[in-house]
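A short reminder: the numbers here are calculations on the coordinates, not readings from a lab. Since we're looking at a predicted model, the values are computed, not measured. So basically every Cβ, Gly included, is an ideal-geometry build from the backbone, and we count neighbours across all protein chains shown.
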Amino acid sequence: MDFPQMLKVRQRFERPVVENVEETVLSELRSLALDQHIQSGDTVAVTVGSRGIANISTIIKTTIDYLKSLQAVPFIVPAMGSHGGGTAEGQRKIVEGYGLTEDFLGCEIRSGMETEIVAETPHGIPVHFDRHAYSADHVLVCNRIKAHTRFIGDIESGLHKMMLIGLGKHAGAKIYHQAIYNYSFDEIIRAVAEKVLEKCSVVAGLAIVENAYDETALISGVKPEEFYEKECELCKQSKLWLPRLPFSDVDVLVVDQIGKNISGTGMDTNIIGRKYNDHEAREGDSVRVNRIFVRGLTEETHGNGTGIGIAEFTNRRTIDQLDQQATAVNCITGGHPEAAMLPIAFESDREVLAAACSTVGYKEPDEIRLMQITDTLHLDELLVSVAYQDEFEGRSDLELLNEAQNMKFDQNGNLIAVTDQFVES
């Protein structure tokens with residue numbers, strides 16, 4: 001089968017950046033007057049999640065050092081629900097994979113899956129909280145604020161979610177995801193968070209917002225009594241800074257890699273559409289993608305292929321990368337078993353593309369609307385097919401970098417990654 005010719009495209013997004021991450025973290029923490037709440041010798045649990053957050057090692061290290069300057073005894077708690085295969089060792093490895101080792105931080109990592117039931121919501125739902133964090137004198141909640149991949153509300157993914165899903169560990173995450181089917185997302189997240197803030201000695205939050213280039217755009221220290229109001233504000237801002245595909249209608253989307261460090265669903269459904277249905281766009285989705293081909297997993301996801309089931313096609317290499325047990329645990333806990341289902345797989349990318357392109361209607365190659373992206377976090381450089389060529393007119397946010405070229409495959413019939421193609425140029 002002949003494939004469409006491709007164009008290299010560079011997108012321009014708004015790019016606010018925190019110039020000095022360390023100084024900004026210190027400034028925000030000092031603004032919270034933590035020295036009035038934390039006494040010498042107090043223990044402070046600091047959360048670290050499973051997402052790949054820009055500058056996370058600097059942010060956490062600076063936080064730990066600041067707490068030490070108050071004569072406190074900080075330690076790290078992996079706060080990531082059922083990720084890492086739902087094991088303490090798996091979650092520790094994820095934290096260490098971001099460079100956050102005990103040697104680097106100069107403090108303990110206390111990883112465990114045991115929880116304390118600290119309260120019940122008005123709905124009768126038990127509130128689980130990580131046992132190590134609950135034993136601390138104080139808890140400092142750190143997380144990135146962004147749009148959730150499956151739920152909509154005034155707050156979506158951020159400090160509240162970290163208190164529920166992250167610090168709720170496997171037991172809490174499973175219960176809350178079940179409860180969301182009976183009540184609204186907003187109702188559950190607010191009810192559980194209120195109990196956590198009341199019962200679990202949360203002393204502060206450190207909220208991070210990133211720009212469309214996967215860079216730190218904003219860091220904000222948050223007082224416990226301001227969690228909801230501040231997160232509503234930051235959630236709105238984060239959505240304005242989200243990256244996006246350059247065109248909204250796509251026949252075939254080729255994704256070089258997915259992973260939990262990229263998105264909770266492996267690839268962000270706010271970017272690709274399918275937030276409300278795994279395999280087609282619905283009202284509320286701004287993007288309509290007909291077929292998705294996933295080419296691989298990130299190293300940082302440690303075999304967790306959550307989101308692979310959102311794609312219709314993949315290759316045998318990706319299937320071989322999967323830790324199907326870890327993927328299943330994560331997807332079942334999140335109430336989204338479909339995300340672990342296996343797509344149709346072929347040995348080579350060339351075979352996959354031929355199959356995918358044959359299912360988008362009767363179209364000549366130059367009519368097929370195809371995009372190849374690295375992942376849903378990195379969308380400033382991508383490849384688009386010549387079917388989009390007439391849509392560049394008047395788009396100051398898009399830069400066309402080359403003449404149309406044939407799709408590039410290696411000697412085994414596998415596509416050359418977007419990053420490698422841009423390095424070549």
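Of the cross-linked pairs Lys8/Lys61; Lys61/Lys161; Lys68/Lys230; Lys236/Lys408; Lys68/Lys239; Lys93/Lys161, which ones have a Cα-Cα span greater than 31 Å in the structure shown? Cα-Cα > 31 Å for Lys8/Lys61; Lys236/Lys408; Lys68/Lys239; rest within. Cβ crowding within 10 Å ranks Leu167, Leu398, Leu67 as Leu398, Leu67, Leu167, fewest other Cβ atoms first. About the centre of its Cα atoms, segment 21-240 shows a dipole size close to 500 debye [charges on the beta carbon of Lys, Arg (+1) and Asp, Glu (-1) only; nearest 20 debye].
Relative contact order of the chain: what whole-number percent is it, with Cα pairs under 8 angstrom and at least 6 residues apart? All intermediate terms of the calculation are to be shown ahead of the outcome.
Details: 956 pairs, mean separation 87.2, N = 425.
Relative contact order for the chain comes out at 21 percent.
Residues in segment 282-297 carry Karplus couplings, in order, of 10, 4, x, 7, 8, 10, 10, 10, 7, 10, 10, 10, 9, 9, x, 10 Hz; the curve used is 6.51 cos²θ - 1.76 cosθ + 1.60 with θ = phi - 60°, and Gly or Pro positions show x. Averaging 1/r over every pair of different alpha carbons in segment 21-240 and inverting the result gives a Kirkwood radius of 17.1 Å.
Summarising the strand pairing of the chain, around 40 percent of its internal DSSP beta bridges are antiparallel.
Sum -39500 (n - 2.57) across every DSSP H segment of at least 4 residues in the chain, then divide by the residue count to get the 222 nm mean residue ellipticity, nearest 500. Don't skip to the answer; put the middle values down first.
On the way: 13 runs with 119 residues, N = 425.
Calculated mean residue ellipticity at 222 nm is -8000 deg cm²/dmol.
Which of Val139, Val118, Val192 moves most in a GNM of the chain, Cα contacts under 10 Å? Of Val139, Val118, Val192, the most mobile in the Gaussian network model is Val118. In the chain, the convex hull through the Cα atoms has an average projected area of 20.0 nm², a quarter of its surface area. Considering only Ser348, Ser111, Ser40, the mean-square fluctuation computed in a Gaussian network model of the chain, springs between alpha carbons under 10 angstrom, is largest for Ser40. A Cβ-based charge dipole, computed about the Cα centre of segment 220-264 with Lys and Arg at +1 and Asp and Glu at -1, lands at about 100 debye. Shown here is the pair-distance distribution of segment 18-94: with all Cα-Cα distances grouped in 10 Å bins from zero up to the longest one, the shares run 18, 43, 30, 9 percent.
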